[in-house]
Each structure stands twice: as structure tokens, then as C-alpha cells.
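Just so you know, all these numbers are worked out from the coordinates, no wet-lab data involved. Treat the numbers as computed from the prediction; the structure is a model and nothing was measured.
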């Protein structure tokens, strides 16, 4: 078993940011927005052949003896 931090980033796609507007309308002004980024702890369990399980610790939780059990 090993633990690692996994970083994630979920930017807005071009499809998500599209808007309908009239041809004579002024262009849409978008404000600079900080994208949501974060990290989670992943516990990876394996044997000599392959990965058995990957468990992601919930936000705000701590690793205890009960978690390992």
C-alpha cells in the first residue's frame, strides 16, 4: 500500500462557455476567473500482479486506524 496526493483541475471547456447572441450584439466580455483546483489523497493497494484498489480520501477526513482497517 502507498499513499500519494493527486492534483485535479477542472477548466471550463469551449463548448461550456459558448453563448447565443445576436450578430449585431457586442462581444461577450469574460472576466478572468480562477478555475477550481485541488488535491485529494489516494491510497493505492496492490499485490505482485496488479493494482487491487485505489481509494480517495474524502475532503476534510483524516487517516486513522479505522481507515486503514
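See the values below:
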{"quantity": "The chain, helix-only ellipticity at 222 nm - DSSP H runs n ≥ 4, -39,500 (n - 2.57), divided by all residues, nearest 500", "calculated": "-1500 deg cm²/dmol"}
{"quantity": "Candidates 40, 51, 28: whichever shows maximal mean-square fluctuation once the chain is modelled as a Gaussian network with Cα springs under 10 Å", "calculated": "28"}
{"quantity": "The chain, relative contact order [Cα under 8 Å, separation at least 6], %", "calculated": "37 percent"}
{"quantity": "Whole-number D in µm² s⁻¹ for the chain, Kirkwood Cα-pair radius fed into Stokes-Einstein, 10 °C, 1.306 mPa s", "calculated": "98 µm²/s"}
{"quantity": "Stretch gain in nm, segment residue 66-residue 15, where the contour uses 0.36 nm per residue and the Cα spacing is subtracted", "calculated": "14.0 nm"}
{"quantity": "Most mobile listed residue (53, 41, 18) in the chain, GNM with C-alpha springs under 10 Å", "calculated": "18"}
